[in-house]
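One structure is given here, and the rest of the page talks about it.
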Amino acid sequence: MAKITYVEHNGTEHTVEVANGLTVMEGARDNNIPGIEADCGGACACSTCHVYVHPDWADKLPAKDDMEEDMLDFAYEPDPARSRLTCQIKVTDALDGLVVQMPEKQI
Ligand code: FES
């Protein structure tokens with residue numbers, strides 16, 4: 001279980017508990033948090049689950065695989081240092097306190 005804070009582009013924060021084994025995208029979806037669309041349902045095929053990870057967390061998350069890296073090229077204004085696809089990040093206790101910020105828009 002991890003407490004994750006999702007910050008909308010307008011600054012509105014949503015802090016929720018997300019069970020281990022879910023993805024960060026599923027945590028947003030299951031709590032009706034706006035800003036993460038996840039059109040492909042988590043298959044790493046759409047990039048509409050894009051977020052900017054808080055700088056304190058950027059190096060603490062498991063590394064991106066090639067598929068996520070490629071799909072991020074299609075995201076809206078990706079930041080190489082902080083952009084991630086939330087459907088590719090599995091929640092564990094180690095993510096407790098994670099903060100992610102949604103982009104101005106998904107593609
Ligand atoms: S939900 Fe489509 S890439 Fe993450």
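The values are calculated or read from the model by the stated rules, or taken from the named source; none is laboratory data. Keep in mind it's a predicted model, so treat the numbers as computed, not measured. A quick note on method: Cβ atoms are made from the backbone with ideal geometry, for glycine too, and the neighbour counts reach across all protein chains shown.
Data table
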| item | result |
| --- | --- |
| Long-range neighbours under 7 Å by Cβ, at least six apart or interchain, first residue at pLDDT 95 or above within the stretch 17-30, second surrounded by fewer than 19 Cβ atoms within 10 Å (Cβ to Cβ) and part of a helix (DSSP H, G or I) | Asn20/Asp93 |
| Contacts under 6 angstrom Cβ, first residue in the stretch 87-101 being of a type in the set (Asp, Glu), partner part of a strand (DSSP E or B), 6 or more apart | Asp96/Ala2; Asp96/Lys3 |
| Residues satisfying the stated conditions in the stretch 25-45, i.e. buried (at least 16 other Cβ atoms within 10 Å of the Cβ) and among the aliphatic types (A, V, I, L, M) | Met25, Ala28, Ile33, Ile36, Ala38 |
| Top-ranked residue of the stretch 75-96 - restricted to ones that are over 16 Å from Ser47 (Cα atoms) and of a type in the set (Val, Ile, Thr), ranked as farthest from the ligand (Cβ to nearest atom) | Thr92 |
| Flag if Arg82 is in contact with a His (Cβ under 9 Å, 6 or more places away or on another chain), modelled with pLDDT of 95 or more and of a type in the set (Lys, Arg) | yes |
| Set Thr92, Thr15, Thr23: member being touching a Cys at 6+ places or on another chain (Cβ under 8 Å) and among the polar types (S, T, N, Q) | Thr23 |
| Of residues in the stretch 46-68 being loosely packed, with under 14 Cβ neighbours inside 10 Å and either in a helix (DSSP H, G or I) or among the aromatic types (Phe, Trp, Tyr) (or both), the one farthest from the ligand (Cβ to nearest atom) | Asp66 |
| Subset of the stretch 1-30 (residues that are assigned to a loop (DSSP other than H, G, I, E, B) and of a type in the set (Ser, Thr, Tyr)) | Thr12 |
| Filter result for Glu37 (near the ligand (Cβ under 8 Å from one of its atoms) and either of a type in the set (D, E, K, R) or part of a loop (DSSP other than H, G, I, E, B) (or both)) | yes |
